[in-house]
1. Does GLN192 qualify as being touching a residue at least 24 places away in the same chain (Cβ under 8 Å), surrounded by fewer than 16 Cβ atoms within 10 Å (Cβ to Cβ) and over 23 Å from ALA272 (Cα atoms)?
2. Take GLN136 and decide whether it is in contact with a Lys or Arg (Cβ under 8 Å, 6 or more places away or on another chain) and either in the same structural domain as GLN15 (by TED's automatic domain parsing) or closer than 22 Å to SER3 by Cα (or both).
3. Could you please give the count of residues in the range 190-223 that are acidic (Asp, Glu) and touching a helix residue (DSSP H, G or I) at 6+ places or on another chain (Cβ under 7 Å)?
4. Which of the residues spanning the range 171-203 are within 17 Å of THR215 (Cα to Cα) and among the hydrophobic types (A, V, I, L, M, F, W, C)?
5. Please find, among GLN171, GLN212, the residue that is part of a strand (DSSP E or B) and among the polar types (S, T, N, Q).
6. Return the total of residues in the range 312-357 being farther than 15 Å from GLU280 by Cα, touching a residue at least 24 places away in the same chain (Cβ under 8 Å) and in a strand (DSSP E or B).
7. Only residues in the range 64-84 that are on the phi < 0 side of the Ramachandran plot count as the first member; pair them with residues that are among the aromatic types (Phe, Trp, Tyr), Cβ under 9 angstrom, at least 6 apart or cross-chain, and list the lot.
8. When you scan the range 58-73, do you find a residue that is over 22 Å from ILE183 (Cβ atoms) and assigned to a strand (DSSP E or B), even just one?
Amino acid sequence: MISIRNVSKTFGRVQAVRDVSLDIRAGEFFSLLGASGSGKTTLLRMLAGFEGVTSGTILIDGQEMQDSPPHLRPVNMVFQNYAIFPHLNVRDNIAYGLRRLSVPSAKQAEMVDEMLEMIALPGYGDRRATQLSGGQMQRVALARALILKPKVLLLDEPLGALDKQLREQMQLELRALQKKLGITFVLVTHDQEEALTLSDRIAVMSQGAVLQVDTPAGLYERPRNKAIASFIGNMNFFDATVSRMGPPAVDIPGFGRMMLNGHDNGRPDGSAALVAIRPEKLTLHAAPPAMAALKGVLQTRQYLGGREMLHVGIAGRAAPIAVALQGDQDEATASLSQGHPVWLTWKDDALLVLDAE
């Protein structure tokens with residue numbers, strides 16, 4: 001549905017987007033994920049036609065778009081602030097685009113009623129924008145964009161103004177709506193959890209470039225480098241040296257030898273590497289286990305509702321190791337407090353080996 005080929009965008013001396021190439025499939029929920037200044041919003045605005053392309057080509061459904069103004073592109077856009085017209089009621093907000101296309105009044109009323117049903121707001125047509133909650137305004141903005149039946153819906157952080165509980169509810173509704181309609185959605189967000197929840201695939205962006213395109217599980221389990229690994233979820237990092245004296249392994253100063261089980265990607269013996277492990281892949285013990293373990297001291301524990309995050313200090317290491325505990329804990333682990341000795345174990349396949357920076 002969308003082909004972005006070697007697209008760049010400069011503003012004076014600032015290069016906001018750097019030689020980006022992406023293909024987005026028809027009917028896909030695709031997210032552009034990155035921190036502020038990563039270039040994701042600029043790329044979305046180029047798709048919409050609100051920003052021109054400095055170099056490269058954008059095709060939507062096989063048609064080049066560089067010279068097409070926004071209103072002639074088969075896309076529509078939902079903004080972070082919704083851009084609901086305060087002087088119009090819900091019905092007139094949703095029908096705004098239809099009126100500009102001179103759709104007959106009877107047909108407009110029929111289409112608006114269908115959209116109100118679809119967004120679960122039947123009977124809200126005569127309400128003013130000032131009488132709507134944040135979630136209701138977001139639905140109206142979606143309906144106004146979707147009533148024109150675009151081939152692509154562009155979403156610029158549309159859930160950013162909502163509180164956490166409502167945002168999570170709207171994520172489910174947005175995903176269900178996209179599946180029902182089968183329209184290609186392209187979402188811009190800085191919220192990693194939102195991108196992982198909603199997307200079929202995600203492009204992680206930094207400093208105007210795409211670092212990796214993958215499924216949510218692929219990005220989380222197989223990040224390409226430290227920048228991606230640290231941006232998607234929490235991660236512990238260790239400097240290491242690849243060792244091929246026997247089975248492939250890495251030597252981590254102060255920790256010893258760790259088996260790789262094929263995760264080293266053929267790196268040569270003696271080369272520098274960065275070992276990474278997710279907090280939830282670590283097992284914490286209140287007493288020395290039977291297998292080899294790394295001893296440390298509990299520094300802090302944070303209660304986060306359904307899970308806890310513990311930080312364990314290790315002798316000779318400046319940064320503590322984060323350990324995530326899920327669900328029920330045994331009595332010994334639950335009673336641990338600051339200063340208690342603890343032991344960490346993990347499975348060999350929990351380790352990721354990345355290129356050293």
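1. For GLN192, the condition - touching a residue at least 24 places away in the same chain (Cβ under 8 Å), surrounded by fewer than 16 Cβ atoms within 10 Å (Cβ to Cβ) and over 23 Å from ALA272 (Cα atoms) - is not met.
2. no
3. 1
4. PHE185, VAL186, LEU187, VAL188, ALA195, LEU196, LEU198, ILE202, ALA203
5. The match here is GLN212.
6. 5
7. Filtered contacts from the range 64-84: PRO70/PHE50; MET77/PHE50.
8. No: zero hits.
The values are calculated or read from the model by the stated rules, or taken from the named source; none is laboratory data. For clarity, every value in this text was computed on a predicted model and none was experimentally measured. Cβ sites come from the backbone with ideal geometry, for glycine too, and all protein chains shown count toward neighbours.
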